[in-house]
């Protein structure tokens, strides 16, 4: 055999193979392009947001940004110095100037200030509102979703009715969030009379994420070996005891997976909470009420809605940019923290049952 002859098992280079090779590289390039775009977006948020959240001096964290409410920023010059003061600090500074002028028998000095809305203060009420919305809506979604999944997987008899229900669930998963927002506004805010409140936001967000929870929970229940059910029933357990003690514990990691997917969607939605639960600005925190029952009917501030407001509903400036990226940074880190806790909990439960 000549030295330059092709190997016996070398695949023939045909037009189809060249097309396949080109398609593979096209898909690879598209994947890397998407990853690069995501890296640029998140890199920009982390780089610019970290400049707002962190600082070079002790305690190295901008405590005011994480513990105060949003406020307007006043920029002005006085006696040759440029001041940048939040609303409360500006009023205190103005009161001191007025008091000093009155003591000297002079008229109050005029301060020619420029106001930048929501360019000062922090995002503490927004963090609280986001956590409350996520916790309440996911609790409702998991209770209703797991109950529905248990019925469809363990009790429902196969037939046209069950197929229709599953088709409806799949269709609901593709409904835009703005439709759920309008649905929640019409049903919970107006018809039930809950007004803009936590309760209306909880149920709206829960119904929005319910299809994901039902589908993932049902698949997790189906993955549990049938031998577990048969062994429990053979030992005299009732059907519900079998589900509660033999099926649900082994399906729990998969159910938590659905909660992880739900948290990401619930926390990032703006349209539903804009119609049902969120305020642009609220002076009181939800628990600052006279009666405990009123807690559920309080509107809240939320991070995604705040990002929407400071990014599109106020005049843009160099001062507002720091708040925009700082809020986005805090929001991304908060969602990552909640998701990480869910993943660790899922891993711990899975390890316990596998061990």
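Read-outs throughout are calculated quantities, based only on the coordinates presented, and are distinct from any laboratory measurement. Nothing here was measured: the structure is a model prediction, and the numbers come from that model. Positions of Cβ are generated from backbone atoms using ideal geometry, with glycine treated the same way; all protein chains shown enter the neighbour counts.
Roughly how many nanometres apart are two label points built 7 Å out from the Cα toward the Cβ at residue 163 and residue 88?
If labels sit at residue 163 and residue 88, their model points lie 6.3 nm apart.
Subtracting the Cα-Cα distance from 0.36 nm times the residue separation, let me have the gained length for residue 27 to residue 233 in nm, one decimal.
Full extension of this stretch gives 69.2 nm more.
Which FRET efficiency, nearest 0.05, do residue 222 and residue 179 yield, Cβ-Cβ r, R0 41 Å?
Efficiency, rounded to the nearest 0.05: 0.90.
Mind sorting 327, 115 by how few other Cβ atoms lie within 10 Å of their own Cβ, fewest first?
Ranking 327, 115 by Cβ neighbours within 10 Å, fewest first, gives 115, 327.
Which FRET efficiency value, to the nearest 0.05, is calculated for residue 351 and residue 265 with the Förster distance at 22 angstrom and r the Cβ-Cβ distance?
Computed FRET efficiency for residue 351 and residue 265: 0.25.
Residues of the stretch 189-225 with the amide nitrogen closer than 20 Å to a label point 7 Å from the Cα of residue 171, along Cα-to-Cβ, please.
Inside the label zone: 207-216.
So, R0 is 30 Å and r is the distance between the beta-carbons of residue 51 and residue 135; what FRET efficiency does that work out to, to 0.05?
Taking R0 as 30 Å, the efficiency between residue 51 and residue 135 is 0.50.
Where is the GNM fluctuation largest for the chain (alpha-carbon springs, 10 angstrom cutoff): 218, 79, 230?
Ranking 218, 79, 230 by mean-square fluctuation puts 79 first.
Mind sorting 220, 259, 177 by how few other Cβ atoms lie within 10 Å of their own Cβ, fewest first?
In order of increasing Cβ crowding within 10 Å: 177, 220, 259.
Over all distinct alpha-carbon pairs, what is the Kirkwood Rh of the stretch 21-144 in angstrom?
Evaluated on the stretch 21-144, it is 19.3 Å.
If contacts are Cα pairs under 8 angstrom and at least 6 residues apart, what is the relative contact order of the stretch 124-354 in percent?
Computed value for the stretch 124-354: 29 percent relative contact order.
Tell me, in nm to one decimal, what length is gained between residue 95 and residue 60 on full extension, where the rule is 0.36 nm per residue of separation less the Cα-Cα distance?
Contour length minus the Cα-Cα distance gives 9.5 nm.
Only bridges with both residues in the chain count here: give the DSSP antiparallel percent, nearest 5.
Roughly 90 percent of the DSSP beta bridges within the chain come out antiparallel.
So what is the diffusion coefficient of the stretch 161-271 in µm² per second by Stokes-Einstein at 25 °C and 0.890 mPa s, using a Kirkwood Rh over Cα pairs?
153 µm²/s
Evaluate the distance, in nm, between pseudo-label points positioned 7 Å from the Cα of residue 37 and of residue 294 along their respective Cα→Cβ axes.
Rounded to a tenth, the inter-label distance reads 4.8 nm.
Roughly how far apart, in whole Å, are the Cα centres of the stretch 112-183 and the stretch 242-267?
So the separation of the two Cα centres works out to 15 Å.
For the stretch 70-121, with equal point scatterers placed on the C-alpha atoms only and solvent neglected, what are the log10 I(q)/I(0) values from the Debye formula at q = 0.17, 0.22, 0.25 1/Å, to two decimals?
Relative scattering, expressed as log10 I(q)/I(0), comes to -0.52, -0.79, -0.94.
Would you please state which residues of the stretch 67-91 a label at residue 106 would reach in this model, taking the label point 7 Å out along Cα→Cβ and a backbone N cut-off of under 11 Å?
So the set is 79.
With N set to the number of residues, divide the alpha-carbon radius of gyration of the stretch 81-237 by 2.2 N^0.38 Å and report two decimals.
Here the answer is 1.87, to two decimals.
Fewest first, what order do 222, 81 take by the number of other Cβ atoms within 10 Å?
Least crowded to most crowded, the residues run 81, 222.
When only alpha-carbon atoms are used, what values of Rg and Dmax, in angstrom, describe the chain?
28.2, 112
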